[in-house]
Amino acid sequence: MVSVRYQHLHKAFGDGSVALQDFSLEVADGEFLTFLGPSGCGKTTTLRMTAGLETPTSGEIFFGERPVVDLPPGRRNIAMVFQSYALYPHMTVQQNLEYPLRKQGVARDERARRATALAATLQLDALLHRRPKHLSGGQQQRVALGRALIREPEVFLLDEPLSNLDAELRTQMRAELIQLHRRIGRTMIYVTHDQVEAMTMSTRIAVMSKGELQQVGTPLEIYREPRNRFVAAFVGSPAMNFVEGGIELRDGRAVFRAAGLEVALPDARSARLAGLARASGVLAGIRPEHLSLEPGSGEGRVLVVEAMGHEDIVTAETPAGRIVVRSAGTATAAAGDLVPLRVDPEKLHLFDAASGERLAC
Amino acid sequence: MSGRRALRLRRRLLRVAADLTTWALVLAVAFPLFWMLGTSLKPSAETFALPPTLIPAHVTFEHFRTLLFETPFPTYFLNSVIVATGTTLLVIVVSLLGAYSVVRFRYRGRRLAAQMVLFTYLLPAVVLLLPLYLILASLGLVNSLLGLILAYTTFAMPFSLWLLRSFILAMPIDLEEAAMVDGASRVEAFLDVVVPQALPGIISAALFSFILSWNEYLYALVFNRQDHTKTLPPGVITMLQQNTNTEWSLLMAASVMMAVPVIVAFVFLQRHLTSGFGAGAVKG
Ligand SMILES: Nc1ncnc2c1ncn2[C@@H]1O[C@H](COP(=O)(O)OP(=O)(O)OP(=O)(O)O)[C@@H](O)[C@H]1O
Ligand SMILES: [Mg+2]
């Protein structure tokens, strides 16, 4: 059982491309931490450096107190589930499961015993003598997971393990992984670009962009207090609306103002925002679920209504730009309508328009 | 309904035509082999009998006995086995490691090195005869089996290297990395994961190398002039042409025995040639 600590990790490839910059983070013992970010942001590279498959250009990685950068993968006591599963095609399921034990020198009987026991918990018992190519995607996925589990490593590394599964199976495996983590309580580092996976499974999420760590926090912290515009835009679906405007003080109360849109901020925030008043250069972030089709903040002309059954996703054109609203109920609006818009002032996010950083409030 | 029956009939006719063609080809190719086998089993007197007999009237193993006990044939045979086996092993080891290196490691000139190796095939073998002879002579390897093994390796290795290279290119690197994460060293990952998957390629390359060195005549004739280092192709021909007339029956018996190891190798290895493990191990 160990924590994993990254210290000023830096990775540049031979062709000059920088995959990771000054990456520092501590993954607590037993934590389920997710690297979340768009394609190419350096998630896999970081995971591979953790596994020892890639060498950092500079910086350190510690497992507990032990620096591991110079250790080969096999000596780090980790297990990794590859996005491709990487099952050995010439070995049966049982041989695949036993391989890590074979490399540890575990005796044949003991190996077979553990593989059989594990196969039972993963519902693979009937498939032990099949080759990987005769398995379905979900079964291959479970074999890959089993091969990682069998040696009871200190750290699990998972690189988009669910991305090759269909939607239904993915939801099911998500639940299984959560249960698994709860049961074995090992440190897990999980890579995904799917924010739903990140939000539902993680103890904490590390949001990355272009090789830089943007924010680390629990799923709720990331959702409620995104530290900058990137995190705010990346997490949440449909994505957050952004409106550019200014903050003005009116009767001692802070009001966010943009073309055709006004949101009076609650008292508690007003006080903290007083010093930040300015006519422009403020970016307001409004999640679709924090808007409603009621009078209060402005109005817009409906462009599209996507009916989901229990709610409508309404896209409206306003003087401040396009705004997406999640409107509870059915047939709440029709294309062409002029609808009122109300922003929940408690849930308004404010960022500096130039830097994209969250404004102190 | 009748349309479907007509279709089925046409398909069956096509099938019969294809089968007939195949068998005709097989017969044409196999006929000299039957003739060879027949002649080796006839008494010498029957060889030129008219009308010719494909199936011997009298079967005799006399020629095989003569060959095995009254000629240096067994020495040649042993030499050929050593040379062909040695070449095959050397070619496989060198080209497998070479192919792995060219595909997986990055170093200056690895592409060029792999391409240069193919230049061997641009020149007719005769052109390389003298340079190779001089090299072997300066190494003191003329008239030795090792010399022949080295010479044959230079011929078989490029093909083998490129064949295995394409096999390794098609292997996802994930598998080796997974093995290393699972506790294997790089060498173990190579042995546990790369070699088994390259097996069909290894066997093809091995057959190619074996047959090439088993049948080679020119280099063997020029390099190894002493009886105790001769291999079968030059050995048999010089041995049976010492007399003014060629001993056809003995030559045919020798040919039959030369063909046996190759046939055996094919029968045992053919299964692996066609059965790759295929894709499906790695998704996405
Ligand atoms: N071997 C390599 N050589 C050169 N550049 C590389 C190499 N591997 C990765 N990169 C670059 O490093 C950056 C980060 O890649 P990485 O694979 O870590 O992204 P990722 O976050 O895992 O993306 P994805 O979600 O698409 O898997 C990318 O710009 C990529 O092009
Ligand atoms: Mg990746």
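The values are calculated or read from the model by the stated rules, or taken from the named source; none is laboratory data. None of these values were measured; they are calculated from a predicted model. When we count neighbours, we look across all protein chains shown, and the Cβ atoms used for this are built from the backbone with ideal geometry, even at glycine. Surface areas here come from the heavy atoms of the whole protein model, side chains and all, with no ligands, DNA or RNA. Shrake-Rupley method; radii C 1.70, N 1.55, O 1.52, S 1.80 Å.
Assorted remarks:
- Scan of the stretch A:89-145 for residues that are assigned to a loop (DSSP other than H, G, I, E, B), open to solvent by less than 50 Å² (accessible area, probe 1.4 Å) and within 14 Å of another protein chain (Cβ to nearest Cβ), ordered by number: A:Pro89, A:His90, A:Met91, A:Thr92, A:Val106, A:Leu135
- Residue list for the stretch B:44-72, restricted to those being touching a residue at least 60 places away in the same chain (Cβ under 8 Å) and of a type in the set (Gly, Ala, Ser): B:Ser44
- Within the option set A:Val155, A:Val106, being free of Cβ contacts under 8 Å to residues at least 24 places away in the same chain and either more than 27 Å from the chain's Cα centre (by Cα) or away from ligand 1 (no atom under 16 Å from the Cβ) (or both) holds for one residue only, A:Val106.
- Residue in the stretch A:29-47 that is free of Cβ contacts under 8 Å to residues at least 60 places away in the same chain and more than 16 Å from ligand 2 (Cβ to nearest atom) present: no
- Residues of the stretch A:43-88 that are of a type in the set (Gly, Ala, Ser) and within 8 Å of chain B (Cβ to nearest Cβ): A:Ala51, A:Gly52, A:Gly74, A:Ala79, A:Ser84, A:Ala86.
- For A:Arg76: the one exception among (1) buried (at least 17 other Cβ atoms within 10 Å of the Cβ); (2) more than 16 Å from ligand 2 (Cβ to nearest atom); (3) modelled with pLDDT of 95 or more: (3)
- The condition (being small (Gly, Ala, Ser), within 17 Å of A:Leu359 (Cβ to Cβ) and away from ligand 2 (no atom under 16 Å from the Cβ)) is satisfied by just one residue among A:Ala233, A:Ala259, A:Ala239: A:Ala233.
- Checked against the criteria, B:Ala28 counts as open to solvent by 40 Å² or more (accessible area, probe 1.4 Å) and among the aliphatic types (A, V, I, L, M).
- Test: A:Ala284 is assigned to a strand (DSSP E or B), under 19 Å from A:Arg224 (Cβ atoms) and not assigned by the TED database to the domain that holds A:Gln215: yes
- Count - residues of the stretch A:1-25 that are within 16 Å of ligand 2 (Cβ to nearest atom) and hydroxyl-bearing (Ser, Thr, Tyr): 1
- Once the stretch A:199-212 is narrowed to residues that are open to solvent by less than 50 Å² (accessible area, probe 1.4 Å) and under 12 Å from the mean Cα position of the chain (by Cα), the residue that is nearest to ligand 1 (Cβ to nearest atom) is A:Met208.
- Of residues in the stretch B:151-174 being within 21 Å of A:Ala51 (Cα to Cα) and in contact with a Ser or Thr (Cβ under 9 Å, 6 or more places away or on another chain), the one surrounded by the fewest Cβ atoms within 10 Å (Cβ to Cβ): B:Pro172
- Condition check for B:Pro261: more than 14 Å from every other protein chain (Cβ to nearest Cβ), in contact with a helix residue (DSSP H, G or I) (Cβ under 9 Å, 6 or more places away or on another chain) and at pLDDT 90 or above: no
- Of the residues screened, A:Leu53 is one that is part of a loop (DSSP other than H, G, I, E, B), aliphatic (A, V, I, L, M) and either within 16 Å of ligand 1 (Cβ to nearest atom) or surrounded by fewer than 21 Cβ atoms within 10 Å (Cβ to Cβ) (or both).
- For the stretch A:309-361, a tally of residues being charged (D, E, K, R) and either open to solvent by less than 20 Å² (accessible area, probe 1.4 Å) or at positive phi (or both) returns 1.
- A:Glu60 vs. criteria part of a strand (DSSP E or B) and over 18 Å from the mean Cα position of the chain (by Cα): yes
- Strands (runs of 3 or more DSSP E) lying entirely in the stretch A:165-242 (those with 1 or more residues that are modelled with pLDDT of 95 or more and of a type in the set (Lys, Arg)): A:204-209
- Residue list for the stretch A:146-164, restricted to those being within 16 Å of ligand 2 (Cβ to nearest atom), buried (at least 19 other Cβ atoms within 10 Å of the Cβ) and assigned to a loop (DSSP other than H, G, I, E, B): A:Glu160, A:Pro161, A:Leu162
- All of A:Ser39, A:Ser17 fail the test of being within 14 Å of another protein chain (Cβ to nearest Cβ), near ligand 1 (Cβ under 8 Å from one of its atoms), polar (S, T, N, Q) and surrounded by fewer than 21 Cβ atoms within 10 Å (Cβ to Cβ), apart from A:Ser39.
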